[in-house]
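As structure tokens, the structure follows; a few thoughts come after it.
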Amino acid sequence: MKPNGNKILITGGASGIGLRLAQEFQKIGNQVIIAGRRQSLIDEVIAANPGITGYVLDIDDPQSIADFAAKVTTEHSDLNVLLNNAGIMKFEPQGDDPIDLAIAEATVSTNLLGPIRLIAALLPHLRRQSQSAIVNVSSGLAFVPLAVTPTYNATKAAIHLYTVSLRRLLRDTTVEVLELIPPSVQTGLFPGHAEDPNAMPLEDFIAETMAEFKRQPTPHEIKVKRVGFQRDAEAEGRFEQAFDIINGGH
């Protein structure tokens with residue numbers, strides 16, 4: 001993926017990691033489009049960041065995705081990068097509590113089906129570009145999970161494998177397929193994350209991540225040094241140790 005001269009669509013781009021990536025990609029010479037659920041947040045980002053444009057997108061709704069894809073490719077015929085960042089992460093019941101299917105189903109719809117549907121809708125357009133890319137955001141929890149968020153972990157593991165497979169399927173096209181693998185980062189994604197001293201400060205994560213995006217050729221896996229603790233745990237024979245550490249020894 002070239003570091004600049006792109007038109008990049010970032011889902012979940014009105015807050016957290018998505019917003020900071022949008023700002024940094026714009027800063028180094030890219031045009032950026034953000035998409036999110038709430039018009040008010042999108043308006044705030046646009047007002048504070050001249051040049052960034054935005055659209056409302058309900059990533060859970062197949063028809064909303066289809067309508068959005070038709071609109072954004074018509075209004076931005078030079079769109080050439082999709083960064084699937086939108087996601088939710090919620091605690092799920094523990095012990096004797098019943099499984100909350102509403103949480104599980106919403107997590108699968110947002111974190112897994114949403115990116116797959118959006119890729120399907122935009123891929124014909126991306127394949128027509130001379131140089132394009134799909135960037136899927138997974139998580140360190142795809143490799144060593146947090147037990148209290150089982151469905152989130154599962155969706156991110158699925159995104160990892162989906163991305164690996166899609167990369168192979170598109171290897172003879174103009175579309176690069178990349179994976180961004182964040183560790184725990186200080187954002188509002190999950191209760192307590194923003195203040196968690198064990199999570200990586202957002203600005204440190206963004207700085208290291210953007211350095212990786214600037215590397216040429218861009219690595220297939222964009223990963224900060226800290227996430228290696230999870231990403232490489234199984235290969236290095238320390239999965240159980242890492243699992244116990246992440247889950248407080250329980």
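The values are calculated or read from the model by the stated rules, or taken from the named source; none is laboratory data. Please read all numbers here as calculations on a predicted model, not as lab measurements. Neighbour counts are summed over all protein chains in view; Cβ atoms, including those assigned to glycine, are modelled from backbone coordinates with ideal geometry.
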Close pairs (6 angstrom Cβ cut-off, 6 or more residues apart or separate chains): farther than 13 Å from Ile10 by Cβ in the stretch 33-52, outside any helix (DSSP H, G or I) and at pLDDT below 95 anywhere: none
Count of the stretch 24-45 residues which are in a helix (DSSP H, G or I), within 17 Å of the chain's Cα centre (by Cα) and surrounded by 17 or more Cβ atoms within 10 Å (Cβ to Cβ): 1
Lone unmet requirement of (1) surrounded by fewer than 22 Cβ atoms within 10 Å (Cβ to Cβ); (2) touching a residue at least 40 places away in the same chain (Cβ under 8 Å); (3) outside any helix (DSSP H, G or I) for Asp58: (2)
Ala154, sole failed condition from (1) crowded, with 22+ Cβ neighbours inside 10 Å; (2) outside any loop (DSSP other than H, G, I, E, B): (1)
Qualifying residue in the stretch 131-142 (condition: closer than 16 Å to Gly12 by Cα, polar (S, T, N, Q) and out of contact with any strand residue (DSSP E or B) (no Cβ under 7 Å at 6 or more places or on another chain)): yes
Every residue from the stretch 208-250 that is in contact with a Lys or Arg (Cβ under 8 Å, 6 or more places away or on another chain) and free of Cβ contacts under 8 Å to residues at least 60 places away in the same chain: Glu208, Glu212, His220, Glu221, Lys223
Filter result for Asn136 (within 16 Å of His220 (Cα to Cα) and not in a loop (DSSP other than H, G, I, E, B)): yes
The stretch 191-237, subset among the hydrophobic types (A, V, I, L, M, F, W, C) and part of a loop (DSSP other than H, G, I, E, B), residue farthest from Tyr162 (Cα to Cα): Ala199
Considering residues of the stretch 185-207 that are modelled with pLDDT of 95 or more, of a type outside the set (A, V, I, L, M, F, W, C) and out of contact with any helix residue (DSSP H, G or I) (no Cβ under 7 Å at 6 or more places or on another chain) only, the residue surrounded by the most Cβ atoms within 10 Å (Cβ to Cβ): Asp204
